[in-house]
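These notes concern the structure reproduced below.
Read-outs throughout are calculated quantities, based only on the coordinates presented, and are distinct from any laboratory measurement. Please read these numbers as outputs of a predicted model, since none were measured by experiment. Counting neighbours? That spans all protein chains shown, and the Cβs are built from the backbone with ideal geometry, glycine included.
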Amino acid sequence: MKTVAKHGRVPGGLCYGYRVRRGFDDDGNPVRVRSIDPDEAATIVWIFKEYAKGLSPVRITDELNARGIPGPRGRAWQGTAIGGHRNRGSGILNNQAYIGLIVFNRLAYRKNPATEHRVSGENAAELHVVQEVPSLRIIDDTLWQEIKRRQANWRAGMRSSRVFPGYSGPTT
């Protein structure tokens, strides 16, 4: 799968905004080729713009559901589909495919011997396989950076005393 990513193809599953068609590589071998779905791409751009204006992921999902726009997998939208987890690159606002980057090997999965459940952990950045694929870009750099600034400011605000009004820090 690392080789697939290094060749600019997507080794993982399909994400919102794209569709898969069957094609052939340079050697004539059958491959799955990802391309942009114009209708879903328009929704992606709308989501990014609304978040940049200040709407929360939950408010955005409420609006998408009110408009009857089907979410990923054809079901109703959920806030986590939009916001996801910033460090793990999940959620629409964190998916680097939308800026034309395929990132593979971001997470490692291991089985917890005590519970026998599969648990994930982040791989070190130097283990990631990152490939630029400009043909998959949906969001421009300006809008992407604006989203990243808003997320960083929100995280900084979570650590401030605004989260707990009246709290001024520990007393000695």
Residue separation between Lys49 and Arg67 times 0.36 nm, minus their alpha-carbon distance, gives in nm 4.8 nm
Which residues qualify? For Val31, with a placed amide H closer than 5 Å and at least 5 residues away or on another chain, they are Gly23, Phe24, Asp25
Is the shape of region 16-56 best called rounded, prolate or oblate, per the rule: a/c under 1.5 gives rounded, else a/b larger than b/c gives prolate, else oblate, with a ≥ b ≥ c the square roots of the Cα gyration tensor eigenvalues? prolate
Mind running the shape call on region 16-103? Use the C-alpha gyration tensor, a ≥ b ≥ c as the square roots of the eigenvalues: rounded below 1.5 for a/c, prolate if a/b tops b/c, oblate otherwise. prolate
So, with points 7 Å from each Cα along the Cβ direction, the Arg59-Asp27 label distance in nm works out to 5.2
Cβ-Cβ FRET estimate between Val20 and Glu122, R0 fixed at 22 Å, reported to 0.05: 0.25
Distance between modelled label sites at His85 and Ile36, nm, 7 Å Cα→Cβ extension: 3.0
A correct Karplus calculation of ³J(HN,Hα) over region 90-96, with 6.51 cos²θ - 1.76 cosθ + 1.60, θ = phi - 60°, whole Hz and x for Gly and Pro, returns 9, x, 4, 5, 10, 7, 6
Long-range amide H partners of Tyr18, meaning residues 5 or more apart or on another chain whose placed amide H is closer than 5 Å, are Asp37
For Lys111, the aspartates and glutamates lying under 20 Å Cα to Cα, once residues fewer than eight places off in the same chain are dropped, come out as Glu122
